[in-house]
Amino acid sequence: MIYLSGLSVALALALVPSYTEALKDGECEDKQVDLSSVDLKKLKVKDLKKILEEWGESCKGCVEKSDFIRKINELMPKYAPNAAKARTDL
């Protein structure tokens, strides 16, 4: 076990800003979302944008969270057909 002083830990965390941001948000950037069961309304806009980015899509003109959700639902059959089918079966 390695013991570090508080200053050393703070310095180490400062050197890895994305990790500290993920800790602040209570989540990890590599988090995968199960589109077949997730309630899109409970996701952050940042996560909704990430889904669209992973699909190579954008949401031009999207201002409200509901705009991003509408776009994801519109594109889901193309990029995640199994998830889209599972959502309609619910």
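Here Leu7 passes the criteria (1) modelled with pLDDT under 95; (2) surrounded by 15 or more Cβ atoms within 10 Å (Cβ to Cβ) except the one numbered (2). Counting only residues that are of a type in the set (Gly, Ala, Ser) and surrounded by fewer than 16 Cβ atoms within 10 Å (Cβ to Cβ), the range 56-89 holds 5 of them. Take Lys24 and decide whether it is under 15 Å from the mean Cα position of the chain (by Cα), at pLDDT 95 or above and assigned to a helix (DSSP H, G or I). When the stated conditions are applied, Lys24 does not pass them.
The values are calculated or read from the model by the stated rules, or taken from the named source; none is laboratory data. Computed from a prediction, not measured in an experiment: that's the story for all the values here. Every residue, glycine as well, gets a Cβ built from its backbone with ideal geometry; the counts of neighbours run over all protein chains shown.
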